[in-house]
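The values are calculated or read from the model by the stated rules, or taken from the named source; none is laboratory data. Since the structure is predicted, the reported quantities are computational estimates derived from the model, not experimental observations. Here the Cβ positions follow ideal geometry from the backbone for every residue, glycine too, while neighbour counts run over all protein chains shown. What goes into the accessible areas is simple: the full protein's heavy atoms, side chains included, and nothing from ligands, DNA or RNA. Shrake-Rupley method; radii C 1.70, N 1.55, O 1.52, S 1.80 Å.
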Amino acid sequence: MEQLSLFDSDRSLQPLASRLRPVSLEEFVGQRHLLGPGKVLKRMIDEDRICSMIFWGPPGVGKTTLARIIARRTRASFVDFSAVTSGIKEIKAVMAQAETDRRSGLKTLVFVDEIHRFNKAQQDAFLPYVEKGSIILIGATTENPSFEINGALLSRCKVFVLQPLTTDDLVCLLKHALKSPSGFGNQKIGITSEMLTAIAGFANGDARTALNTLEMAVLNGEISAEEITVTEEVLEQCISRKSLLYDKNGEEHYNMISALHKSMRNTDPDAALYWLARMLEAGEDPLYIARRLIRFASEDVGMADSQALLLAVAAYQACHFNGMPECNVNLAHAVIYLSLAPKSNSAYVRYESCRKDALNTLAEPVPLVIRNAPTELMKELHYGEGYVYAHSTEKKIAAMECLPESLKGRIYYHPIQAGQEREWAKRIEEVRRWRREYGSQDKRN
């Protein structure tokens with residue numbers, strides 16, 4: 001538990017990220033969707049109508065900083081709780097002081113970082129004081145508050161979602177650090193725009209990581225009488241990346257994901273693993289790669305091995321749970337499996353042919369036989385008339401025509417002889433043969 005003080009220690013000894021911590025909304029970078037002109041949170045702060053709230057977002061996006069700025073703007077006493085060191089006793093002591101201050105007309109803003117780490121009893125200890133307005137609670141969490149915060153407490157808080165900072169936001173922040181007297185403004189630093197962009201890309205939306213990396217690069221730069229020069233060799237060591245020019249939004253980004261996709265399609269796990277490593281080590285978002293693997297599992301493996309989709313989705317979830325660098329092995333597992341799996345693009349190709357027909361027949365009515373008939377009027381209009389419940393038949397198949405009139409008899413799914421799809425090919429041929437024979441008998445009868 002830490003209370004905001006007017007007296008700070010020697011700021012020159014603090015890390016760059018601490019020295020440059022914004023003290024006003026004007027200095028705050030990012031979160032324009034919350035703090036832009038006319039946005040709800042901005043108006044609440046400007047009008048001093050702050051309620052208890054939860055800030056949900058990844059590390060380094062300004063959750064703690066924003067809470068401190070709010071405390072200053074609302075002229076409230078700021079109390080900082082740690083989920084690791086604060087117990088029920090400490091919480092109750094602060095709550096008692098807050099209740100006394102409230103009666104004197106003073107506000108108390110209680111900030112709880114990583115509030116999801118507080119157990120139920122600790123969270124419940126805040127509840128009566130939030131209800132009475134003794135405190136304004138601001139909780140910060142990197143986890144989904146719907147799952148990690150007690151429902152009673154969550155219902156009394158407004159949830160604001162903070163987003164990762166963009167590359168432009170981070171570059172702006174880094175340039176400010178180079179100019180600000182609190183940063184490196186009193187020194188001449190030689191660093192290129194490309195290097196700043198590389199640091200921003202490496203930070204992946206995290207301002208703290210970006211500033212810490214810049215500080216490390218400058219402190220290890222080459223010193224001359226005129227300036228401190230950050231070389232590419234130094235920066236490579238600081239961010240553990242060789243691909244300084246990898247642009248997650250540019251051409252190289254698309255070239256590399258294409259290389260991964262086509263290597264897996266070509267059943268080349270060696271090349272696929274290499275391109276996976278190139279992207280991950282250059283700072284690519286592992287969740288982006290995982291999403292592409294999910295697409296590949298259906299587009300290129302498909303019916304030949306339906307387990308591929310389950311594995312790809314599991315890899316995405318593993319990336320979400322583990323993050324980098326631990327999730328690299330989860331992605332490698334999926335890439336090897338998808339590379340070696342039998343391939344079928346029938347789901348992709350056949351959907352595209354269906355899509356063309358669907359677009360050209362959007363006004364085609366649903367056949368009466370498979371329409372739902374929940375009312376008497378619909379029954380009188382022959383909705384559902386002649387419908388055969390497949391489960392009531394011996395073969396669990398009915399000879400009904402389920403396509404629109406203009407598409408009767410159209411065949412879209414053409415299985416190939418690969419992997420598990422061989423069995424599906426046999427199955428669909430049996431079904432189609434039965435329908436042809438049964439349908440012919442119905443017509444003769």
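Of all residues in the stretch 297-313, those satisfying the criterion of being of a type in the set (A, V, I, L, M, F, W, C), in contact (Cβ under 8 Å) with a residue 12 or more places away in the chain and either open to solvent by 20 Å² or more (accessible area, probe 1.4 Å) or over 9 Å from residue 334 (Cβ atoms) (or both) are 301, 303, 304, 309, 311, 313. Among the residues making up the stretch 29-50, those that are assigned to a loop (DSSP other than H, G, I, E, B) and either surrounded by fewer than 17 Cβ atoms within 10 Å (Cβ to Cβ) or more than 23 Å from the chain's Cα centre (by Cα) (or both) are 36, 37, 38, 39, 47, 48, 49, 50. Hey, any hits in the stretch 268-288 for a residue that's farther than 30 Å from residue 235 by Cα and in contact with a helix residue (DSSP H, G or I) (Cβ under 8 Å, 6 or more places away or on another chain)? Scanning the stretch 268-288 turns up at least one residue that is farther than 30 Å from residue 235 by Cα and in contact with a helix residue (DSSP H, G or I) (Cβ under 8 Å, 6 or more places away or on another chain). Condition first: open to solvent by 70 Å² or more (accessible area, probe 1.4 Å) and touching a Lys or Arg at 6+ places or on another chain (Cβ under 9 Å). Now tell me which residues in the stretch 105-142 satisfy that. Of everything in the stretch 105-142, those that are open to solvent by 70 Å² or more (accessible area, probe 1.4 Å) and touching a Lys or Arg at 6+ places or on another chain (Cβ under 9 Å) turn out to be 106, 107, 131, 132. Could you go through the stretch 413-420 and let me know if any residue there is under 29 Å from residue 344 (Cα atoms), modelled with pLDDT under 85, part of a loop (DSSP other than H, G, I, E, B) and among the aromatic types (Phe, Trp, Tyr). Looking through the stretch 413-420, at least one residue is under 29 Å from residue 344 (Cα atoms), modelled with pLDDT under 85, part of a loop (DSSP other than H, G, I, E, B) and among the aromatic types (Phe, Trp, Tyr).
Please work out which residue is surrounded by the most Cβ atoms within 10 Å (Cβ to Cβ), limiting yourself to the stretch 351-372 and to residues that are more than 24 Å from residue 300 (Cβ to Cβ) and of a type in the set (S, T, N, Q). Result: 361.
Within the set 390, 347, the sole residue that is small (Gly, Ala, Ser) and either surrounded by 12 or more Cβ atoms within 10 Å (Cβ to Cβ) or under 27 Å from residue 301 (Cα atoms) (or both) turns out to be 347. Does residue 53 count as in contact with a Cys (Cβ under 6 Å, 6 or more places away or on another chain) and not β-branched (Val, Ile, Thr)? So residue 53 fits the description; yes. Applying the condition of being of a type in the set (Val, Ile, Thr) and part of a helix (DSSP H, G or I) to the stretch 344-385 and asking which residue is farthest from residue 405 (Cα to Cα) yields 349.
So in the stretch 132-170, with the set limited to residues that are hydrophobic (A, V, I, L, M, F, W, C) and within 14 Å of residue 28 (Cα to Cα), which one is farthest from the chain's Cα centre (by Cα)? Among residues in the stretch 132-170 that are hydrophobic (A, V, I, L, M, F, W, C) and within 14 Å of residue 28 (Cα to Cα), the one farthest from the chain's Cα centre (by Cα) is 170.
Within the bounds of the stretch 256-269, is there any residue that is surrounded by fewer than 18 Cβ atoms within 10 Å (Cβ to Cβ), under 24 Å from residue 203 (Cβ atoms) and either modelled with pLDDT of 95 or more or in contact with a Phe, Trp or Tyr (Cβ under 6 Å, 6 or more places away or on another chain) (or both)? Looking through the stretch 256-269, none of the residues is surrounded by fewer than 18 Cβ atoms within 10 Å (Cβ to Cβ), under 24 Å from residue 203 (Cβ atoms) and either modelled with pLDDT of 95 or more or in contact with a Phe, Trp or Tyr (Cβ under 6 Å, 6 or more places away or on another chain) (or both). Only a single criterion out of (1) over 26 Å from residue 303 (Cα atoms); (2) exposed (fewer than 14 other Cβ atoms within 10 Å of the Cβ); (3) within 42 Å of the chain's Cα centre (by Cα) is not satisfied by residue 417, namely (1). Since residue 375 meets every condition but one in (1) within 26 Å of residue 298 (Cα to Cα); (2) polar (S, T, N, Q); (3) free of Cβ contacts under 8 Å to residues at least 24 places away in the same chain, which condition does it not meet? Only one criterion in (1) within 26 Å of residue 298 (Cα to Cα); (2) polar (S, T, N, Q); (3) free of Cβ contacts under 8 Å to residues at least 24 places away in the same chain is unmet by residue 375, namely (1).
Summed over the stretch 162-187, the residues that are part of a helix (DSSP H, G or I) and not hydroxyl-bearing (Ser, Thr, Tyr) give a count of 12.
Is it true that residue 159 is open to solvent by less than 60 Å² (accessible area, probe 1.4 Å), in a strand (DSSP E or B) and either at pLDDT below 90 or touching a Pro at 6+ places or on another chain (Cβ under 7 Å) (or both)? For residue 159, the condition - open to solvent by less than 60 Å² (accessible area, probe 1.4 Å), in a strand (DSSP E or B) and either at pLDDT below 90 or touching a Pro at 6+ places or on another chain (Cβ under 7 Å) (or both) - is met. Yes or no: residue 402 part of a loop (DSSP other than H, G, I, E, B) and under 43 Å from the mean Cα position of the chain (by Cα)? It is true that residue 402 is part of a loop (DSSP other than H, G, I, E, B) and under 43 Å from the mean Cα position of the chain (by Cα).
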